[in-house]
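What follows is a short report on a single structure.
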Amino acid sequence: MKKEDCIFCKLANGDIPTNTIYEDSDFRVFLDSSPATKGHCLIVPKEHFDNLEELSDDVASKVFPLARKMMKLLKEKLGWDGFNVVQNNGELAGQTVFHFHTHLIPRYEGDGASIAMSHTSPGEGELEKVLEQILS
Ligand code: 5GP
Ligand code: ZN
């Protein structure tokens, strides 16, 4: 189902034109309007889901196969050297458009893009505590 006032519902369903690189009955893949790198695009389902948590298993099961297909296409056409697949859920995690989407970001030597993760050094027993919390 489409959601009124959702920009990605309109883009995915062709109500607003996009720079589309791929389309099928479930998805549209189009260029991000503020790309992190050349060829940065978004996999967007035609049906509205706020985020990954809300996504149907059926649509979810098709996202990675499609990401792989697009990676191959972009490799062939743009010749990337590395590739990030990014998917943000919730404002705190950087989601700005609340219609599920997956970023496909080709990477090139010296592209200067920053898709960083800062790591921490857990103290003695900390990981075990987290594990206990998750498994209890
Ligand atoms: P998020 O931050 O929610 O993970 O990603 C939203 C992405 O959508 C951003 O990279 C942003 O540049 C892109 N975006 C937002 N509005 C539009 C639009 O109207 N057209 C296109 N092509 N991309 C958009
Ligand atoms: Zn939507």
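The values are calculated or read from the model by the stated rules, or taken from the named source; none is laboratory data. Worth saying up front: this structure is predicted, and the values here are computed from it rather than measured. For accessibility, only protein heavy atoms count, side chains too; no ligands or nucleic acids. Shrake-Rupley method; radii C 1.70, N 1.55, O 1.52, S 1.80 Å.
To one decimal place, what orientation-averaged projected area in nm² is obtained for the convex hull of the Cα set of region 85-132?
Hull-based average projected area comes out at 5.6 nm².
In whole Hz, what ³J(HN,Hα) sequence does region 81-97 give by Karplus (6.51, -1.76, 1.60; θ = phi - 60°), x for Gly and Pro?
9, x, 8, 9, 10, 10, 8, 9, 10, x, 4, 4, 8, x, 6, 10, 10
Karplus couplings for region 45-58 from phi (6.51 cos²θ - 1.76 cosθ + 1.60, θ = phi - 60°), rounded to Hz, Gly and Pro as x?
x, 6, 7, 7, 9, 5, 6, 4, 4, 8, 4, 6, 4, 4
Determine the relative contact order of the chain: mean sequence separation of Cα pairs under 8 Å and six or more apart, normalised by residue count, in whole percent.
After rounding, I find 23 percent.
Whose amide H sits under 5 Å from the amide H of Phe27, counting only residues 5 or more places off or on another chain, with H placed in the peptide plane?
Result for Phe27 returns Lys46.
Quick one: check the C-alpha center-to-center distance for region 82-108 versus region 1-71, whole angstrom.
So the two Cα centres are separated by 11 Å.
Determine the calculated [θ] at 222 nm for the chain from helices alone, applying -39500 (n - 2.57) to every DSSP H run no shorter than 4 residues and normalising by the residue count; nearest 500 deg cm²/dmol.
Helix contribution divided over all residues of the chain: -9000 deg cm²/dmol.
Just how many % of Cα pairs in the chain lie over 24 Å apart, if you round to the nearest whole percent?
Value for the chain: 39 percent of Cα pairs lie more than 24 Å apart.
Whenever you get a sec, compute what percent of the accessible area on the chain sits on carbon and sulfur atoms (1.4 Å probe).
52
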